[in-house]
Amino acid sequence: MQKQNRKVLWLLACLLGGLLLAGCGGKPAASPQQIVIGENADLGGYDPGTTMSPFIRCLVFNSLVELDADFKLVPALAERWTMSPDGKTWTFTLRQGVKFHDGSPLTAAVVKQNLDRLRQGSGKVWLIDVASIETNGEYIVKVLMNKPSFTFASDLAVPFLSIVGPNGTDSAGKVVKAIGTGPYSLESWQKDQEFVLKRNPDYWSGSAKNEKLVFKVIRDPDSRAMALEAGSVDLISLRQSLTAATRLSGNPKLKMEKRLGQTSEIMFLNVNSPALQDLAVRQAIGHGLNIGKLIPSLLGANAEAGKNFFSPAYGDYVLKRDTTLPYDSERAIQLLAGRSPRLRLAFGAKNAEDSLLAGAIQAELKAVGLTVVLEPLEEAALMDAMKKKNYDLIMLGQSFIPHDEPSSHYRRGYYHPASTFDVYRTPELTGLIDQLFATAEPAERLRLHHHIQEKIAGAMPMIVLFHRNNIVAMKQQIIGYKVSTGTWQLYRGLAETYVKP
């Protein structure tokens with residue numbers, strides 16, 4: 001009996017010792033669950049309106065209104081909103097109980113402070129029609145417009161208008177800390193190497209499933225793909241590197257998630273260039289490119305050959321006919337009428353699909369008598385060439401359509417005196433765009449959208465090369481990731497993603 005008691009005491013001592021070791025570090029604690037992402041850009045900075053990477057903002061910050069994975073406008077920091085019949089007063093009711101990462105509360109005064117700061121700086125282009133901002137109590141924000149603004153709720157969904165905590169700015173209004181309300185907060189940042197986000201346990205929409213996100217900066221697209229294959233990262237986006245998709249899809253250790261995105265790849269034709277001032281030459285380029293064959297042969301099922309002015313993701317806003325000219329090499333030669341201008345084609349040096357496509361365009365246009373000289377440029381030089389019209393042909397992602405209603409593409413982007421880039425404009429086109437912005441009735445707005453697209457397509461200042469699929473490649477152990485239609489929302493799905501044990 002005494003021997004049996006000693007055995008029981010020994011077992012109890014072992015059990016107690018094991019518990020003490022586990023509590024005191026005798027057994028290694030479980031490491032935090034994290035996902036390592038190979039990313040092509042650095043964090044950039046703390047300010048969602050200027051320096052912070054537009055792909056990361058949605059994880060750290062929220063806007064009043066946002067787009068979900070299906071590209072639908074949904075409530076975010078504002079739980080509801082109304083527009084006056086004349087489109088000149090917008091009223092937003094904020095969610096109650098929302099806190100920033102540092103614990104400070106979201107209030108109407110904080111939102112007003114943010115919008116006033118943005119109006120004077122980086123958000124001016126989106127808030128240009130705002131006359132004043134008023135608050136009514138702690139949770140009501142009223143925005144008064146100088147003139148009707150029927151797409152203002154959508155405009156607020158752009159990540160550049162995210163709301164920063166009151167302790168995130170200095171006395172001059174400069175954003176100096178990344179204090180948001182998003183599902184993750186910034187834990188650390190080593191410039192051009194990596195940045196780490198940690199889960200926000202108090203996130204108003206529910207805590208993220210994964211504890212940490214580690215972003216490794218790998219700028220070269222081939223190197224990112226090889227890092228995933230080698231297992232040093234868990235997930236990569238294939239933006240600007242669709243060419244790697246086919247190879248990665250054949251790897252049994254990996255899987256792909258794909259969805260038709262909001263953006264398209266465009267080749268702009270400089271209508272002011274002496275070589276391209278004649279519409280017939282621009283039409284010859286259109287007829288000389290077999291887009292319907294070229295894109296599938298180079299990018300497979302990873303993109304859709306360009307047909308329409310916008311991606312089909314925009315639904316009824318898209319003109320219901322192809323705007324890309326049909327391939328007809330004989331017609332192209334006739335239009336050139338013996339002319340053989342020498343054209344410079346600029347494209348992003350680190351954009352894998354554009355680099356591949358540029359060579360194919362050069363070969364196809366050579367077949368109809370056009371000489372194309374390729375000019376790969378770094379990102380800053382490419383944008384400078386676009387702004388200064390220092391190109392004949394230039395390949396870029398279709399921009400200034402950051403949300404579900406594409407009106408801003410015409411006026412703020414390319415085809416209006418107020419546009420950032422002066423691609424093509426006429427008095428008639430300017431009038432149509434202004435009319436669109438002053439029109440509230442949905443059916444008339446759609447008619448104007450289609451009419452504007454017809455006018456632009458007829459002048460041939462651009463060719464839609466392909467409609468981009470948003471593709472993310474990841475290890476098989478990554479569970480729950482959902483690809484979004486919207487480009488800026490690409491990483492939003494990481495909040496619902498976890499690693500299989």
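Just to be sure, is Phe215 touching a Phe, Trp or Tyr at 6+ places or on another chain (Cβ under 9 Å) and farther than 29 Å from Gly97 by Cβ?
Answer is yes for this residue.
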- Message: Just to be sure I understand the filter: pairs with C-beta atoms under 6 Å, separated by 6 or more residues or on different chains, first member in the range 454-483 and under 16 Å from Ile291 (Cβ atoms) and touching a residue at least 40 places away in the same chain (Cβ under 8 Å), second member open to solvent by less than 10 Å² (accessible area, probe 1.4 Å) and among the acidic types (Asp, Glu). Which pairs pass?
- Response: Leu465/Glu265; Phe466/Glu265
- Note on the structure: Those residues of the range 43-68 which are assigned to a loop (DSSP other than H, G, I, E, B), within 22 Å of Asp129 (Cα to Cα) and of a type in the set (Val, Ile, Thr) amount to Thr50
- Does Leu279 satisfy the criteria of being surrounded by fewer than 20 Cβ atoms within 10 Å (Cβ to Cβ), modelled with pLDDT under 95, over 30 Å from Lys198 (Cα atoms) and not aromatic (Phe, Trp, Tyr)? no
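Yes or no: Arg331 among the basic types (Lys, Arg), part of a helix (DSSP H, G or I) and open to solvent by 50 Å² or more (accessible area, probe 1.4 Å)?
Taking the combined requirement at face value, the residue satisfies it.
Residues are listed down the side, and each one gets a yes or a no for (1) out of contact with any helix residue (DSSP H, G or I) (no Cβ under 6 Å at 6 or more places or on another chain); (2) modelled with pLDDT under 95; (3) of a type in the set (A, V, I, L, M, F, W, C):
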{"site": "Glu444", "(1), (2), (3)": "yes, no, no"}
{"site": "Gln453", "(1), (2), (3)": "yes, no, no"}
{"site": "Arg468", "(1), (2), (3)": "yes, yes, no"}
{"site": "Ile471", "(1), (2), (3)": "no, yes, yes"}
{"site": "Lys475", "(1), (2), (3)": "yes, no, no"}
{"site": "Tyr481", "(1), (2), (3)": "no, no, no"}
{"site": "Leu494", "(1), (2), (3)": "yes, no, yes"}
{"site": "Pro501", "(1), (2), (3)": "yes, yes, no"}
- Would you mind finding the one in Arg224, Arg247 that is open to solvent by less than 10 Å² (accessible area, probe 1.4 Å), more than 24 Å from Lys387 (Cα to Cα), in contact with an Asp or Glu (Cβ under 9 Å, 6 or more places away or on another chain) and of a type in the set (D, E, K, R)? Arg224
- Message: Return the pair list, or none, for Cβ contacts closer than 8 Å from residues in the range 402-420 that are over 15 Å from Leu432 (Cβ atoms) and aromatic (Phe, Trp, Tyr) to residues that are at pLDDT below 95 and open to solvent by less than 10 Å² (accessible area, probe 1.4 Å), at least 6 apart or on different chains.
- Response: none
- Which of the residues belonging to the range 286-307 are closer than 23 Å to Leu335 by Cα and of a type in the set (S, T, N, Q)? Asn290
- Message: Within the range 191-202, does at least one residue satisfy the condition of being open to solvent by less than 60 Å² (accessible area, probe 1.4 Å), without any contact (Cβ under 8 Å) to a residue 60 or more places away in the chain, under 24 Å from Tyr498 (Cα atoms) and under 25 Å from the mean Cα position of the chain (by Cα)?
- Response: yes
- Query: Looking at the range 318-333, which of its residues are hydroxyl-bearing (Ser, Thr, Tyr) and within 13 Å of His287 (Cβ to Cβ)?
  - Reply: Thr324, Tyr327, Ser329
- Message: Any residue that is among the small types (Gly, Ala, Ser), part of a loop (DSSP other than H, G, I, E, B), in contact with a Lys or Arg (Cβ under 8 Å, 6 or more places away or on another chain) and under 30 Å from Arg247 (Cβ atoms) - is there at least one of those in the range 478-488?
- Response: yes
- Message: Criterion first (of a type in the set (A, V, I, L, M), out of contact with any Pro (no Cβ under 7 Å at 6 or more places or on another chain), surrounded by fewer than 22 Cβ atoms within 10 Å (Cβ to Cβ) and under 25 Å from Val472 (Cβ atoms)) does Leu325 satisfy it?
- Response: no
- Residue count, the range 166-187 (criterion: open to solvent by 10 Å² or more (accessible area, probe 1.4 Å), part of a loop (DSSP other than H, G, I, E, B) and not basic (Lys, Arg)): 7
- Scan Thr181, Thr151 and give me the residue that is under 20 Å from Leu94 (Cα atoms), touching a residue at least 60 places away in the same chain (Cβ under 8 Å), touching a Lys or Arg at 6+ places or on another chain (Cβ under 8 Å) and polar (S, T, N, Q). Thr181
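Please state which one of Leu94, Leu118 is more than 30 Å from Thr420 (Cβ to Cβ), open to solvent by less than 10 Å² (accessible area, probe 1.4 Å) and not basic (Lys, Arg).
Exactly one residue qualifies, and that residue is Leu94.
The values are calculated or read from the model by the stated rules, or taken from the named source; none is laboratory data. Keep in mind that this is a model prediction, so the values were computed, not measured. Note that we place each Cβ from the backbone using ideal geometry, even for glycine, and neighbour counts take in every protein chain shown. The protein model used for the area step is the full one, side chains on, heavy atoms only, and it has no ligands, DNA or RNA in it. Shrake-Rupley method; radii C 1.70, N 1.55, O 1.52, S 1.80 Å.
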